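First up is the structure itself, then whatever we jot down about it.
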Amino acid sequence: MGLKGELATMGLEDIFQWLAVGKKTGVLEIKGPSNTKRISFADGKVTSVWSSDPRDFLGQYLLSSNRITEQQLKDALAAQEDENQVLGKILVNRNLISETEIRRIVQTKTEESIYDTFLWDIGTFEFHDNRLPDQKTMLLSLEVTGVVLEGARRVDEWKVIRQVIKGEDAVLGPVSEVIADMLPLSPEDAEVLFRLDERKTVGQLMKELRRPEFLLSKHLHELLERGMIRVIEQGGHLNDATQAQLLKAKTLIEKEKLQEAQTELRRLLQQDPKITEASRMLEVVQHKLEDQSLDQDQILELALSMDELMQTHLESSEAFLATRVNGVWSIRDLMALSPFPPEECLAIFAKLIRRGVLKVSNAGPSGTRTATYH
């Protein structure tokens with residue numbers, strides 16, 4: 001028997017308990033305002049998680065922990081297409097990571113992805129009885145009780161964090177004099193503090209660092225308590241009503257009802273222009289409506305010198321992608337290495353090409369490349 005409903009009326013704790021007690025086998029699909037996750041169960045135990053959020057991908061998780069480089073990930077992903085093996089196995093075969101460590105990382109990544117859903121206030125769920133996971137992955141066997149207890153604990157801690165950092169649209173800045181007294185910094189603190197510029201939102205920081213929202217927000221909260229950073233804007237524009245509208249727009253996009261999604265997103269931004277998630281979704285919709293399809297096998301190059309690029313105003317996500325363009329990697333390669341969804345990457349690349357920041361290089365008949373400007 002299947003089960004579906006709204007997270008607002010039936011929380012994940014109850015859903016997980018129902019699946020565990022009934023020793024259910026199938027896939028639990030959870031749709032939030034920004035992402036979709038599918039959690040697979042076998043006899044009431046969690047076996048795997050699929051997520052539409054690239055930060056939940058194994059490759060992104062390994063990049064965020066500095067276990068592999070972007071070049072190593074690119075090479076492994078290319079091999080994955082040829083060898084038809086899971087990414088973890090390829091990395092083990094290349095002696096980039098041990099099998100013991102990759103199993104530990106996959107379990108941690110899976111748990112973190114599930115814990116993240118406990119923080120969702122708005123969303124829908126549906127359990128597909130006896131459905132098998134539609135992705136090839138390393139299977140686990142996680143007891144639901146431990147997952148639920150940790151998820152509930154994080155919800156309590158999340159409430160404390162949210163009293164200060166009210167949303168991913170919050171903006172924080174470093175306190176230089178306090179930081180100077182704290183030197184030398186731990187690598188974790190230095191990495192976060194280096195990226196704070198009093199303009200970047202927590203959401204933008206999350207994607208740059210490829211970190212889950214809870215773990216990054218917890219780290220930022222600790223830095224706040226130590227006086228090393230300060231709040232510029234508390235955020236909190238994503239209230240329940242706003243999240244519901246985002247979820248509606250996301251559903252419309254999935255159903256290819258682009259004009260309706262565009263209207264919904266524009267209405268949201270008229271109410272509050274600071275809703276960055278709505279801005280990102282609107283760019284994707286407009287890109288789809290304009291039908292500016294890019295050949296994903298084409299190579300991108302910078303159309304500006306590095307000095308000119310530094311003087312050009314770019315959004316955080318635009319700068320992230322532009323600084324990884326090297327004249328060697330294809331659009332497909334860059335998308336695979338990015339913490340942003342593919343549709344968002346394509347919209348950003350098209351925008352940067354229109355602005356003259358990037359150019360597309362096509363292989364000529366003799367194998368030479370010729371730059372093409374759009």
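The values are calculated or read from the model by the stated rules, or taken from the named source; none is laboratory data. For clarity, every value in this text was computed on a predicted model and none was experimentally measured. Here the Cβ is made from the backbone with ideal geometry for all residues, glycine too, and neighbour counts use every protein chain on show.
When you check SER217 against the structure, is it modelled with pLDDT of 90 or more, touching a helix residue (DSSP H, G or I) at 6+ places or on another chain (Cβ under 8 Å) and among the hydroxyl-bearing types (Ser, Thr, Tyr), yes or no?
In short, yes.
Of LEU87, LEU96, LEU149, LEU91, which residue is at negative phi, over 20 Å from the mean Cα position of the chain (by Cα), without any contact (Cβ under 8 Å) to a residue 40 or more places away in the chain and crowded, with 19+ Cβ neighbours inside 10 Å?
Within the list LEU87, LEU96, LEU149, LEU91, the selection yields LEU91.
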Could you go through the range 203-225 and let me know if any residue there is in a strand (DSSP E or B), surrounded by 13 or more Cβ atoms within 10 Å (Cβ to Cβ), within 23 Å of the chain's Cα centre (by Cα) and touching a residue at least 40 places away in the same chain (Cβ under 8 Å).
no
Looking at the range 167-205, which of the residues that are under 22 Å from PRO341 (Cα atoms) and in contact with a Lys or Arg (Cβ under 7 Å, 6 or more places away or on another chain) is modelled with the lowest pLDDT?
ASP169
Under the condition of being in a loop (DSSP other than H, G, I, E, B) and either aliphatic (A, V, I, L, M) or touching a Lys or Arg at 6+ places or on another chain (Cβ under 8 Å) (or both), which residue from the range 136-146 is surrounded by the fewest Cβ atoms within 10 Å (Cβ to Cβ)?
SER141
Candidate set from the range 285-299 (those that are outside any loop (DSSP other than H, G, I, E, B) and in contact with a helix residue (DSSP H, G or I) (Cβ under 6 Å, 6 or more places away or on another chain)); member that is surrounded by the fewest Cβ atoms within 10 Å (Cβ to Cβ):
LEU289
Strands (runs of 3 or more DSSP E) lying entirely in the range 14-130 (those with 3 or more residues that are aromatic (Phe, Trp, Tyr) and either closer than 26 Å to ALA249 by Cα or touching a helix residue (DSSP H, G or I) at 6+ places or on another chain (Cβ under 8 Å) (or both)):
none
So if I check each of LEU265, LEU352, LEU309, which one is modelled with pLDDT under 90 and surrounded by 12 or more Cβ atoms within 10 Å (Cβ to Cβ)?
LEU309
Could you tell me whether any residue of the range 185-199 is outside any helix (DSSP H, G or I) and over 26 Å from ALA278 (Cβ atoms)?
yes
